[in-house]
1. It is to be established whether one or more residues within the range 19-35 are open to solvent by less than 20 Å² (accessible area, probe 1.4 Å) and out of contact with any helix residue (DSSP H, G or I) (no Cβ under 6 Å at 6 or more places or on another chain).
2. Looking at (1) buried (at least 20 other Cβ atoms within 10 Å of the Cβ); (2) outside any helix (DSSP H, G or I); (3) of a type outside the set (A, V, I, L, M, F, W, C), which is the one condition that is false for Tyr111?
3. Looking at (1) in contact with a helix residue (DSSP H, G or I) (Cβ under 7 Å, 6 or more places away or on another chain); (2) open to solvent by less than 90 Å² (accessible area, probe 1.4 Å); (3) not in a strand (DSSP E or B); (4) not hydrophobic (A, V, I, L, M, F, W, C), which one does Ser73 not meet, given that it meets all the others?
4. Just need a number here: residues in the range 41-59 that are β-branched (Val, Ile, Thr) and either over 17 Å from His69 (Cα atoms) or open to solvent by 80 Å² or more (accessible area, probe 1.4 Å) (or both).
5. On the given criteria, is Lys89 open to solvent by 60 Å² or more (accessible area, probe 1.4 Å) and either without any contact (Cβ under 8 Å) to a residue 12 or more places away in the chain or in a loop (DSSP other than H, G, I, E, B) (or both)?
6. With respect to the numbered conditions (1) more than 21 Å from Thr122 (Cβ to Cβ); (2) assigned to a helix (DSSP H, G or I); (3) open to solvent by 100 Å² or more (accessible area, probe 1.4 Å), which one is the sole condition not fulfilled by Asp98?
7. Checking the conditions here, which among Arg137, Arg59, Arg40 is more than 14 Å from the chain's Cα centre (by Cα) and at pLDDT 95 or above?
8. Within the range 46-70, can you find the residues that are assigned to a helix (DSSP H, G or I), under 18 Å from Thr29 (Cα atoms) and among the small types (Gly, Ala, Ser)?
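The values are calculated or read from the model by the stated rules, or taken from the named source; none is laboratory data. Keep in mind that what you see is a predicted model, and the values were worked out from it rather than measured. Glycine also receives a Cβ, built like all others from the backbone with ideal geometry; neighbour counts cover every protein chain displayed. Just so you know, the surface numbers come from the protein's heavy atoms only, side chains and all, with ligands and any DNA or RNA stripped out. Shrake-Rupley method; radii C 1.70, N 1.55, O 1.52, S 1.80 Å.
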Amino acid sequence: MSMSSNFRQRYAIDKKNEQRLLRLNPDLTNESGIYVLTRRDEQDIDYAYIGQAKHLLKRLVGHLSGYQHIDNSLKKYGLFSTDNPHGWKVGFLLYPEDELDRWEQHWIKEYAKGGYQLRNKTAGGQGEGKVQIDEYRPAKGYR
């Protein structure tokens, strides 16, 4: 496969994924902010993943074709729809780029306090001193 047909194929996949996301949340934009992925499983357990992006829609499209932990979960459970009530929903809040670390950390803590099982690997932020997320995970009821 040539480099240009590879690029065209990649572009077509990204465009399709962008349309899927916009069907789910038509307000999505490429502005900077915090995105929140949430889902409720068959046992009524709530899960969340909180991330930051300089370009929200572009970052979310990347999750749909990537191979990180949350990317694989998005592939496994899909996006929310009437046919897929246990799929991931997508929300977001706009913030200036220089406030993304602070707000990502804030929303990770809030969702943890709200009883969500977080799918984040760290407590957020892009800079030095990233903290492992374990301290925000609810303690198990047994040992």
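1. The answer is no; no qualifying residue exists.
2. So the condition that Tyr111 fails would be (2).
3. Among (1) in contact with a helix residue (DSSP H, G or I) (Cβ under 7 Å, 6 or more places away or on another chain); (2) open to solvent by less than 90 Å² (accessible area, probe 1.4 Å); (3) not in a strand (DSSP E or B); (4) not hydrophobic (A, V, I, L, M, F, W, C), the lone unmet condition for Ser73 is (1).
4. Of the residues in that region, 1 qualify.
5. No, not satisfied.
6. Result: Asp98 fails condition (1) only.
7. On inspection, the qualifying residue turns out to be Arg40.
8. Gly62
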